[in-house]
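Just so it is clear, none of the values below were taken in a lab; they were calculated from the coordinates. None of the values given here were measured: they were computed from a predicted structure. Here the Cβ is made from the backbone with ideal geometry for all residues, glycine too, and neighbour counts use every protein chain on show.
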Amino acid sequence: MKGTKLAALSLCAALLLSSCGTPAEKATVSAAPQEGTYKAGTYEASADGRNGPVKVSVTFSADAIEKVEITEHTETGGIADPAISDIPAAIVDYQSLGVEAVSGATITSDAILAAVADCVKQAGGDVDALKAVPVGEGPKVETLQDTTVDVLVVGGGGAGLSAALSAAQNGASVIVVEKLSALGGNTLRCGGAFNTYDPEGQANNPMDEALASTVEGLLAHEDVSEEHAALKAEVQEQWDEYKASGRTNLFDSPEWHALQTLDAGDYLGNISQIRTLTSNSLDTLHWLSDNGVNWSDEVSTVVGALWNRSHQTLPDPSGAEIVAALENAARDEGVQIYLDTKAESLVSEGGKVTGAVLTNANGETVTVKATKGVILATGGFGANPDMLKEYNQEGSKWENIEKLSTNNTPGATGDGITMGLDVDANLVGMGWIQLMALNSISGGGISGYVNSTAFVNKEGKRFVAEDQRRDVLAEGALAQTDQMFFGICDNKEATLRMAQEALDGQVQYGMISRGETLAELAETIGVPAEALEQTIAEFNDLVKAGKPDEFGRRTWEGTIEEGPFYAVAFSPCVHHTMGGLEINGNAEVLSADGAVIEGLYAAGEVTGGIHGTNRVGGNAVPDALTFGKIAGENAAAK
Ligand code: ADP
């Protein structure tokens, strides 16, 4: 997602700086440098960014900064993109180092400014004088005013953008409002893993004894409802057919995906909603491809995904790829997007939702009338400690949850839930809150994929099946010394998931640890070397055997044998809130008596009930995008 319109718009709308300024504005800049200000030439420098060094190359003429280029960096795609693309342009446009950092990418912005300042010094320029050069007023931001539209989408993450795109593709006029200065929400921050049954993509994934015993185990589970019994019967038939066929590649189907999702949520997820998800997810994957998302050929298991059906975006394994593609496709379809624009409440007439009251980017109160519907796609409440405390159930596994850190967007404050409650929407599963065990303490990390990785505690021992449910992983991690553990992998896995340059950068900045041998790695991370060597030797034997181990791990792939070896330190944080607005298969919001609230749709993390107590890793993105697509289609059809 390099240099997209997202980057440009987020920056302009945030009024952070003026790279969007016109040449006329440029001419009004005072304190213009005079001939002889710089020793003409190209200079290079680097400064520390979020993930490692940010290197710049700056070309000067005698009186101007002619060009600023970022030549190398390992900053996070999507989050850092606005800074990478627009700060250099602003420096040149305004001949100033007084450019403000981009909100959400402050460390990257500061690194660019510091490295350019270094080049200015090398060229004999006056850094302090350049810092004092004003960057102008910036462009006038287009703000949302009172208006009427077919469909209003609240929230510009994955669910909101897919709802907007599908509504527009189905002929509706659409406005998206996003309260932050950039689109993307948690979808932008996540790894973009997308679970779906995919016969073509999974053709080369093998089946083994451990995986077969997983299928048999779930088929042997006692019936919890008629719907469950019916689902099991379908899977049983497919499983019998599979065994009779003599196939050796991975068994999978939408129904098996559904059964695993149901089981992982302790049989409390809504079966019909789960089936809607798993039977439409492949379609959604293809729709995303049609709209510009590229997928890796490799299908594997992201943490907590339980089966080899996680698809990964290209070129980066990141939700940023999905957000960028959806934004571009939505704009091409004529969707209007307003940043820094917050929906405050819904307007309802005679029980029907007809629009919303919002605060626009200038702080003015405006009303949007939505003739076909309002789609709430505001995400969860992981960044709202008051709501976490209020809804964390008595006897929950997570004590003092409001005190844990979160890896959520600051926008995840549960606004859609509050707005929904005001129009009598029903809430389901509010106490089911997911912690993410794989929360990197340093901010660095190799990947969320578990196939060829061992989780090891400070004593050098494994303590959990790495392919387990996320709640099991988090509970296991919280019980270890200092509530932390290390993900250990070898060079094969590390270089499969991350470019060598990025790995080197993260090692240099202490974000991940590397050792030529396991003993060297153990010393670096402060773990007893003998224990680590023994643990990894046992892990490798288990991979070769391909059988369930003492913790119940079943999905094995690569050994950890090829040096150098890598370790990332992790500690659990608040990750996903499974509860929220109840919706039906059309993504219509339901009230407590089960009736549809006319004119109101919801999709993504703002909704509740589908995942039960625990969400399967890699199911959130297909959930948000599939129900977003459904919401958009249905609202447009009204
Ligand atoms: P999902 O995966 O369900 O799409 P995300 O977290 O990716 O969830 O996106 C939700 C987006 O909604 C975030 O970018 C968040 O800032 C935005 N949002 C939350 N509340 C509001 C609101 N009141 N008005 C506008 N945008 C909102």
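Summary table
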item: Neighbour-count ranking [beta-carbon atoms within 10 angstrom, fewest first] of Arg247, Arg514, Arg497; result: Arg247, Arg514, Arg497
item: Most to least packed among 619-625, 177-183, 502-508, 307-313 [average Cβ atoms within 10 Å]; result: 619-625, 307-313, 177-183, 502-508
item: Order by protection proxy (mean Cβ within 10 Å, highest first), peptides 203-214, 49-60, 454-465; result: 49-60, 454-465, 203-214
item: Qualifying lysines (Cα of each under 26 Å from Cα of Lys638; at least 8 residues distant if same chain); result: Lys342, Lys352, Lys369, Lys372, Lys629
item: Cα point-scatterer Debye curve for the range 550-589, base-10 log of I(q)/I(0) at q = 0.14, 0.27, 0.30 Å⁻¹; result: -0.74, -1.05, -1.06
item: Peptides ranked, highest mean first, by Cβ atoms within 10 Å: ranges 357-366, 410-419; result: 410-419, 357-366
item: Backbone HN-Hα couplings from phi across the range 322-331 [Karplus 6.51/-1.76/1.60, Hz, Gly and Pro as x]; result: 5, 4, 5, 5, 5, 4, 4, 5, 5, 4
item: Karplus-derived 3J(HN,Hα), 6.51/-1.76/1.60, for each residue of the range 580-596, Hz, glycine and proline x; result: x, 5, 7, 10, 9, x, 9, 6, 7, 7, 9, 8, 4, 8, x, 7, 6
item: Residue-by-residue Karplus 3J(HN,Hα) for the range 301-313, coefficients 6.51, -1.76, 1.60, Hz, glycine and proline x; result: 10, 6, 4, x, 8, 6, 7, 7, 9, 8, 9, 10, 6
item: Distance from the range 328-356 to the range 572-607 (C-alpha centre basis), Å; result: 17 Å
item: Long-range HN-HN contacts of Gly269 with modeled amide H, under 5 Å; result: Gly612, Thr613
item: Square roots of five times the Cα gyration tensor eigenvalues for the range 494-638, Å; result: 45, 18, 14
item: Cα pair distances of the range 468-540 binned at 5 Å [whole percent]; result: 3, 13, 20, 22, 22, 17, 4
item: DSSP-defined antiparallel bridges as percent of all bridges, the chain, nearest 5; result: 75 percent
item: Convex hull volume of the chain per residue (C-alpha atoms, cubic angstrom); result: 153 Å³
item: Cα-based Kirkwood hydrodynamic radius, the range 394-463, one decimal, Å; result: 15.9 Å
